[in-house]
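Report on one structure; see the data block that follows.
The values are calculated or read from the model by the stated rules, or taken from the named source; none is laboratory data. What you see is a predicted model; the values in this text were computed from it and never measured. Positions of Cβ are backbone-derived with ideal geometry, glycine not excepted, and every protein chain shown enters the neighbour counts. The accessibility values were calculated without ligands, DNA or RNA, using every heavy atom of the protein model including side chains. Shrake-Rupley method; radii C 1.70, N 1.55, O 1.52, S 1.80 Å.
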Amino acid sequence: MVASCMLRSSFLCPCPCPQLHHPSNSKSNNSIDFCTPIKATASTNNAITPSAETQKHRRPADENIREEAHRLSSSHNFSAKYVPFNADPNYDEWYSLDEIVYRSRSGGLLDVHHDMNALKKFDGQYWRNLFDSRVGKTTWPYGSGVWSKKEWVLPEIDSDDIVSAFEGNSNLFWAERFGKQFLGMTDLWVKHCGISHTGSFKDLGMTVLVSQVNRLRKMHKPVVGVGCASTGDTSAALSAYCASAGIPSIVFLPANKISMAQLVQPIANGAFVLSIDTDFDGCMQLIREVTAELPIYLANSLNSLRLEGQKTAAIEILQQFDWEVPEWVIVPGGNLGNIYAFYKGFQMCKELGLVDRIPRLVCAQAANANPLYLHYKSSWKDFKPVKANTTFASAIQIGDPVSIDRAVFALQNCNGIVEEATEEELMDAMAQADSTGMFICPHTGVALTALFKLRNSGVIKPTDRTVVVSTAHGLKFTQSKIDYHSKEIKDMECRFANPPVEVKADFGSVMDVLKSYLLSKNSKQ
């Protein structure tokens, strides 16, 4: 049976700007207040009538930014729904986002499908101008890099229900020295998604999921809490956003397989943490069984809501390049939702006319947990899960990824590539990046290793504009860095280790050490 009709909610509006009306065949009560002082450029088949700009305002002193957004809200025609992933367009199975559902009737993945016809009533220039006008603002909820693209994320949610820490808007760093010194590249960039509220890109998806849960609870849906299996970062994001909204969070962690910095976050945020004697795949199986029996909302990337937030990082990259498309984007892959999310963000921009092409994507896996890489090397024949072995890139230590079908779809549709990194390769790449001023996570080391291999083989050219996605902050993985620079990792040469030099506490000894160091540096120049 086709799911019940989707519920409508008020559109969030950051300022009392003139309304932009739909074409004449739209109902009069469906006017859109996009709240931007710029004039929209109409697409050829949809006339939009701009009005005069209004004066700048400041909200009353006794009104907070949520209340202001609620007061200035208006209706719209945008909507989204769940549909079976990659289903025939004529297939009639769909679900409201207000339903608690994770799989299609056939057991397959679901995808959030937006009403593209409604979005196409406005051309690419309009959307570019709208998104650009919101960057750096404090207006609720558009100060968030995710919610500044709200029409493309959860168009029907009310501002009162959104749970946000103004995540996103992360730094796109020109890796000038690293690119020049180690790769002979002039246009290498690192998207620091780990510079976020909890130190990882998982915030981008969790703000969307927890906001929708907040909405469901206000609608008195049977949701007593939110649960996830995690190798660290997902649990940190879930616990932080749930704590902000006052929603109980339950976390299944594989015992002794995540860093202390990752473990302390859900504990500090008040999550109910279960340390389980298994790996991530075992935790994932347990949380799926538990959420099938108890009114606990599943927060893992099996839930396609998270991908709606994660795709905004792709849109952000285009924004930061003034809507010019890079040649390559390299993304670390574990459970594989992220590679599809980036594809979805880029593809949506192309379909709605913001850009005319999408970049080629590379998914980088740790060799100790490389099921997608093996699938790619077999020319996409007969995917087989693997038993994931221990890797310093612990967040992608996953042998049976939930989003395998999504990842294959994305890579096949952008002429994508899959690469892998050994433990020594990823740790060396991390050390090299850190030596040029970065402070990255091991997962970013996996992505950089893929870049090294593709540069050495000539696939990526010296002048190709390339973006490496850094998924977490290096401070979450200090022990692995300490072990590397102390040369205490078994069977690893640690070629770029930089241990401290022990020296006696007297002037002569210090001078001897410094002279030796300065002479060695001078000889290399």
Would you pick out the residues in the range 378-394 that are out of contact with any Lys or Arg (no Cβ under 9 Å at 6 or more places or on another chain) and in contact (Cβ under 8 Å) with a residue 12 or more places away in the chain?
TRP380, PHE383, LYS384, PRO385, VAL386, LYS387, ALA388, ASN389, THR391, PHE392, ALA393
Of all residues in the range 244-297, which are open to solvent by 50 Å² or more (accessible area, probe 1.4 Å) and within 23 Å of GLN212 (Cβ to Cβ)?
SER244, GLY246, PRO248, ASN269, GLY270, PHE272, ARG288, GLU289, ALA292, GLU293, LEU294, PRO295
With the first residue restricted to the range 119-132 and required to be closer than 18 Å to SER79 by Cα and open to solvent by 40 Å² or more (accessible area, probe 1.4 Å), and the second required to be part of a helix (DSSP H, G or I) and modelled with pLDDT of 95 or more, Cβ contacts under 9 Å at 6 or more apart or on different chains are LYS120/GLU351
Would you be able to say whether some residue in the range 219-228 is over 23 Å from ARG103 (Cα atoms) and out of contact with any Gly (no Cβ under 8 Å at 6 or more places or on another chain)?
no
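Identify, please: which residue in the range 224-243 is more than 20 Å from the chain's Cα centre (by Cα) and either among the charged types (D, E, K, R) or open to solvent by 10 Å² or more (accessible area, probe 1.4 Å) (or both) and is, among those, farthest from CYS283 (Cα to Cα)? Even if it seems obvious, please write down each step before you answer.
Just the residues of the range 224-243 that are more than 20 Å from the chain's Cα centre (by Cα), to begin with: 224-225, 243.
If we keep only those that are either among the charged types (D, E, K, R) or open to solvent by 10 Å² or more (accessible area, probe 1.4 Å) (or both) too, we end up with 224, 243.
On the way: VAL224: 20, ALA243: 22 Å.
So the residue we want is ALA243.
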Considering residues of the range 205-222 that are open to solvent by 10 Å² or more (accessible area, probe 1.4 Å) and touching a helix residue (DSSP H, G or I) at 6+ places or on another chain (Cβ under 8 Å) only, the residue farthest from ALA472 (Cα to Cα):
LYS218
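Could you please find all residues in the range 249-265 being among the small types (Gly, Ala, Ser) and at pLDDT below 90?
ALA255, SER259, ALA261
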Which one of ALA367, ALA314 is crowded, with 22+ Cβ neighbours inside 10 Å and not aromatic (Phe, Trp, Tyr)?
ALA314
So SER43, is it out of contact with any strand residue (DSSP E or B) (no Cβ under 7 Å at 6 or more places or on another chain), within 22 Å of SER148 (Cβ to Cβ) and modelled with pLDDT of 95 or more:
no
Give me a count of the residues in the range 56-78 that are buried (at least 18 other Cβ atoms within 10 Å of the Cβ) and either part of a helix (DSSP H, G or I) or modelled with pLDDT of 80 or more (or both).
4
Have a look at ASP187, ASP111 and point out the one that is open to solvent by 10 Å² or more (accessible area, probe 1.4 Å), at pLDDT 95 or above and within 26 Å of ASP405 (Cα to Cα).
ASP111
Is it fair to say SER275 is more than 18 Å from LEU475 (Cα to Cα) and in a strand (DSSP E or B)?
yes
Anything in the range 357-390 that is at pLDDT below 95 and under 22 Å from SER200 (Cβ atoms)? List them, or say none.
ALA388, THR390
Checking the structure you have, find out if any residue of the range 484-504 is open to solvent by 70 Å² or more (accessible area, probe 1.4 Å) and part of a helix (DSSP H, G or I).
no
Would it be correct to say that GLY179 is free of Cβ contacts under 8 Å to residues at least 12 places away in the same chain and open to solvent by less than 60 Å² (accessible area, probe 1.4 Å)?
yes
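Given the structure, is LEU519 closer than 24 Å to ILE258 by Cα and in a helix (DSSP H, G or I)?
no
Quick grid of which residues meet (1) farther than 19 Å from GLY205 by Cα; (2) assigned to a helix (DSSP H, G or I); (3) charged (D, E, K, R):
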{"position": "TYR126", "(1), (2), (3)": "yes, yes, no"}
{"position": "THR138", "(1), (2), (3)": "yes, no, no"}
{"position": "PRO141", "(1), (2), (3)": "no, no, no"}
{"position": "GLU156", "(1), (2), (3)": "no, no, yes"}
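Suppose we keep only residues that are of a type outside the set (Gly, Ala, Ser) and either in a strand (DSSP E or B) or free of Cβ contacts under 8 Å to residues at least 12 places away in the same chain (or both) within the range 204-238. Which one would you say is farthest from GLY168 (Cα to Cα)?
The extreme case among them is HIS220.
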